[in-house]
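Right, one structure below, let's go through it.
Please treat every number below as a calculation from the coordinates, not as lab data. This structure is a prediction, so every number in the text was calculated from the model and none was measured. Glycine gets a Cβ as well: all are built from the backbone with ideal geometry, and neighbour counts include every protein chain shown.
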Amino acid sequence: MRDPVSPEPALAFANVRAGYGPTVVLDDVSFAIPSGETTALLGRNGVGKTTLLVTAMGHTRLHAGSVRLGGAEIAADPIWRRARAGLGLVPQEREIFRSLTVAENLSVARRGGRWSVERVFDLFPRLAERRRNRGDELSGGEQQMLAIGRALMGSPTILLLDEPLEGLAPVIVDVLLAALRRLRESDALTMLLVEQHARLALELASRALVLDRGRLVHDGPSAALAADPDRLAGLIGVGAEPRHPEFLAEELAT
Ligand SMILES: Nc1ncnc2c1ncn2[C@@H]1O[C@H](COP(=O)(O)OP(=O)(O)O)[C@@H](O)[C@H]1O
Ligand SMILES: [Mg+2]
């Protein structure tokens, strides 16, 4: 029986087994993401974080289990139907159109919901300044803002973000974090955030999931994990903090 006082989780996996063709990457993964909250998804490289996000979106082969969005089973739905039902993905590779302008990238993603090009410009004033620049003329940070803006143009109820801070200069990381906070607070947007910057992710999120080799090894309040560095290091590895690799070259060149 359904509990009448607690709303359905925004997104829930039950015993999900999924991967690429016959290859199984996620095994017996179960979790429920509360509506209106931000959940961090942490784990070492190659453990299946991206696979989990793209499995929610419908890009992998589901071998077993259930995927529910706001209580409705979506495991058999095609990608477009999941997007229409409220799932939005900011992919790890950003995947903006390099030959289209910023404004064009946003308007082609418009689905006629709450979000408009002007609203994205209000969230990221830098994109407004760059509205006539093409995708391939943007810095890494601007591309990331555009990738988030594009996902928002679909007016999602859940935003899946795959390492949005990866490789960016600290000053740009701050701009993106402020935008994510604003989405969480003013829009009550539910977010599932994959991040290598574990501490930043735990600060932003109220809950944390940790994956290890395709299995969920932790699910709990983020504050408890943030307050227990030894446990965190045990789960995601010592030195799991960010590399800021080519940020100087990338951001200062533009
Ligand atoms: N398209 C694919 N085809 C086959 N195997 C893949 C594909 N993408 C990722 N994998 C494998 O799935 C595992 C998990 O990868 P991924 O989900 O990208 O991990 P993470 O995002 O945590 O770094 C890795 O072993 C990776 O090699
Ligand atoms: Mg990944």
- line: With Rh as the Kirkwood radius over Cα pairs, segment 12-252 has Rg/Rh of 0.95
message: Suppose only helical runs count, i.e. DSSP H with n ≥ 4. What mean residue ellipticity at 222 nm does that imply for the chain under -39500 (n - 2.57) per run, divided by all residues and rounded to the nearest 500 deg cm²/dmol?
response: -10000 deg cm²/dmol
task: State to the nearest 20 debye the size of the charge dipole of the chain about its Cα centre, where the only charges are +1 on K and R beta carbons and -1 on D and E beta carbons.
output: 740 debye
message: List the residues, sorted by chain then number, that are 5 or more residues from M191 or on another chain and whose placed amide H is less than 5 Å from its amide H.
response: E37, T38, T39, L159
- prompt: Fewest to most neighbouring Cβ within 10 Å: what's the order for E104, E95?
  reply: E95, E104
Inter-part distance where segment 107-153 and segment 210-230 are each reduced to a Cα centre, Å: 33 Å
query: Fewest first, what order do V47, V210 take by the number of other Cβ atoms within 10 Å?
result: V47, V210
statement: With label points set 7 Å from each Cα along the Cα-to-Cβ direction at L100 and D174, the distance between them in nm comes to 3.2 nm
statement: For segment 12-252, whose charge dipole is built from +1 on Lys and Arg Cβ atoms and -1 on Asp and Glu Cβ atoms, the candidate among P78, M145, F31 with its Cα farthest towards the positive end is P78
field: Per-residue Cβ neighbour rank within 10 angstrom, fewest leading, D228, D162, D27
entry: D228, D27, D162
